[in-house]
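Notes for the one structure printed next.
The values are calculated or read from the model by the stated rules, or taken from the named source; none is laboratory data. Model, not experiment: these values are computed from the prediction. Heads up, the Cβs are rebuilt from the backbone with ideal geometry, glycines too, and the neighbour counts pull from every protein chain shown. We work out accessible area using only protein heavy atoms, side chains counted, and drop any ligands, DNA or RNA first. Shrake-Rupley method; radii C 1.70, N 1.55, O 1.52, S 1.80 Å.
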Amino acid sequence: MRILLLFALFIISAQTTATPLPVKEIANGVYAHFGKHQFPDSKNHGEIANLGFIVGQKCVAVIDSGGNPEQGLALKQAITETTQTPICYVINTHVHPDHINGNSAFKAVGVKFVGHHKLARAMAVRGSYYLGKAAEQLGVKMSAADLIPPDLEVKDSLRLDLGGRTLTLKAHPAAHTDNDLSVYDEKTNTIWLADLLFTEHLPTLDGSLKGWLSEIDKLEKQSFRYVIPGHGELVTDWPQSMQPQKHYLTLLLTEIRAAIKKGRHLEDAVQTVGYSEKNNWALFDDYHRKNVTTAFAELEWED
């Protein structure tokens, strides 16, 4: 019994002494960690996305938990070293592993997980595949217990009171994925768009091309002081910094429609569509062909 107790204390100690994740305070009480433009692999262990947290008077909301449980612990340690205010929410902006694989680091009494109303289904459908990829591609051992679905589901919008600070969460129609969630902080006029916005890093399509362009049209009509993308640096000139992404996605739409009209097949489109953008984006060769494939399947049967 004594050995088991000592082992438990060792585990607790290890979890509370993780090296803190580097974060920047980009606005009053809004902290972000900016990932690097890399393809997820066994060297970076999936630690590629922008993550962070927002501090209220009453509690803290985490926004995305990281690419693996250890990064989640590092983010938790950064919060601990920044504020004594307890964590009350972990907000997952969508289903992709670089944003949700650190969830288990935050599981505790009083902590609620929040996500799009389609997130739990997406986690369930992709869970076993993601766990296999974590071991095979990322060199990370995970179990089903690490994939924690939301306790609170957002069907349209949801307001979270952190104490002297209100966050508005919006569930978007299918765009980057079919479970995208944005987080708006009224106090600082900051919006966390996550993977609804990519800068420098090629946008990756896993939802609806037409839906994504529709959401972009709505968002660019709004005014924000700070915008945090899922991948890329802090945006302070909204909506100008979104225009390269809009141009790339519009080009996919235009060129794929033209290819379909000419009777060309997917195999040809993958080799020809969008390559004028090749030198404008990081990781173009890693993601562009998949984008064309996903968009072609959507547009092939449109009215």
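Expressed as a whole percent, the accessible surface of the range 106-163 that belongs to carbon and sulfur atoms is 54, based on a 1.4 Å probe. Surface analysis of the range 121-241 yields an accessible area of 42 Å² per residue, using protein heavy atoms and a 1.4 Å probe.
If only the Cβ of Lys and Arg carry +1 and only the Cβ of Asp and Glu carry -1, the dipole of the chain around its Cα centre is close to 580 debye.
Could you identify which residue out of Lys43, Lys246, Lys155 has the top mean-square fluctuation in a GNM of the chain using Cα springs shorter than 10 Å? Checking each option, the largest mean-square fluctuation is seen for Lys43. Per residue, the solvent-accessible area of the range 244-303 (1.4 Å probe, heavy atoms of protein chains only, all protein chains present) comes to 59 Å².
With a Förster radius of 35 Å applied to the C-beta separation of Glu233 and His117, the computed FRET efficiency comes to 0.70. Considering helices alone, the calculated mean residue ellipticity of the chain at 222 nm is -11000 deg cm²/dmol, with DSSP H runs of length four and up weighted by -39500 (n - 2.57) and normalised per residue. Antiparallel beta bridges, as assigned by DSSP with both residues in the range 94-206, represent about 80 percent of the total such bridges. Tell me which label goes with the value of Rg and Dmax of the Cα atoms in Å computed from the coordinates here: (1) 19.7, 75; (2) 18.6, 55; (3) 19.6, 65. Answer label, from the structure shown: (1). Solvent-accessible area of the range 248-293 (1.4 angstrom probe, protein heavy atoms only): carbon and sulfur portion equals 51 percent. Taken per residue, the accessible surface of the range 29-73 reaches 33 Å², heavy atoms only and a 1.4 Å probe.
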